[in-house]
Amino acid sequence: MVISEIFHTVQGEGYTTGRPAVFVRLGMCNLKCNFCDTPYTWKAGHEDYSDEVNERVMEAIAKFLEEFPYTQIVVWTGGEPMMQQRDIVAAIDYLNQRFPDRQLEYEVETNGTIPPQKPFDERIHRYNCSPKTELSGNSQYSVRVKDFAKTTYKYVVGDKAHCEEALAEIVRQGLPRNRCFFMVLGTSAKEMEERSPAIAEVCKKEGISLCIRMQCILWGAVRGV
């Protein structure tokens, strides 16, 4: 398993905002967004799929769950976690066996380019899908994670023009607006404060949920939060 970092925090984005969670940030990504806040996950040459490494990863997650007994959510993020589905399945099975009475919830943060395999999908409670528009510097693509019962869609927007582009994508891809978020572009409280009012007005009109990156407001643009 290619790992970037593991930490305990509160979810700052999307449907479960505010809930305590263990974040498992995986390495590798199949996209390179120009506004990416975790470019260190792209680094090549750090791949290690040995059993020893995977065991250390699972022990690190378990340690946080033992230290914080009221935390139920484990978030698989990246990078692009859908590139490592088999290893995540093994980790989930291990955690469920180790914490049989915990009722753990597994959430995946993904760009939506890779479809979930059945064994993986059966173990995941929520997908926090962040489709990329031209704002990101990537070419247009169709989202391949479309289980609307457990998926929300989060578009990064910085102004009204970005919102218009995201709205066009929501229509093109047939996404339900009540499952969509506009997340304000930025890594500081000042940026959120400046950009949020105009984006909030679009959300009010278009029936989209507003998402402000709570972790950046609380702690700034630092790792491990």
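Annotations for the structure displayed:
- Condition check for Met183: open to solvent by less than 40 Å² (accessible area, probe 1.4 Å) and touching an Asp or Glu at 6+ places or on another chain (Cβ under 8 Å): yes
- A Cβ distance below 9 Å, combined with a sequence gap of six or more or placement on separate chains, defines the contacts here; from the range 186-200, residues that are open to solvent by 40 Å² or more (accessible area, probe 1.4 Å) reach residues that are of a type in the set (Lys, Arg) in the pairs Thr187/Arg213; Ala198/Lys160.
- Checklist (1) within 19 Å of the chain's Cα centre (by Cα); (2) polar (S, T, N, Q); (3) open to solvent by less than 40 Å² (accessible area, probe 1.4 Å) applied to Asn178, failing item: (3)
- Failed condition for Ala60, given (1) open to solvent by less than 30 Å² (accessible area, probe 1.4 Å); (2) in contact with a strand residue (DSSP E or B) (Cβ under 8 Å, 6 or more places away or on another chain); (3) within 21 Å of Gly27 (Cβ to Cβ): (1)
- Residue within the range 105-117 that is open to solvent by 60 Å² or more (accessible area, probe 1.4 Å) and of a type outside the set (Val, Ile, Thr) present: yes
- Against the numbered list (1) modelled with pLDDT under 95; (2) exposed (fewer than 14 other Cβ atoms within 10 Å of the Cβ); (3) farther than 26 Å from Pro20 by Cβ, Thr133 comes up short only at (2).
- Scanning the range 140-189 for residues that are farther than 23 Å from Ile124 by Cα and charged (D, E, K, R) turns up Asp159, Lys160, Glu164, Glu165, Glu169, Arg172.
The values are calculated or read from the model by the stated rules, or taken from the named source; none is laboratory data. Here the structure is a predicted model, which is why all the values come from computation and not from measurement. Virtual Cβ from ideal backbone geometry, glycine too; neighbours counted across all protein chains shown. All accessible areas refer to the heavy atoms of the entire protein, side chains included, with ligands and DNA or RNA removed. Shrake-Rupley method; radii C 1.70, N 1.55, O 1.52, S 1.80 Å.
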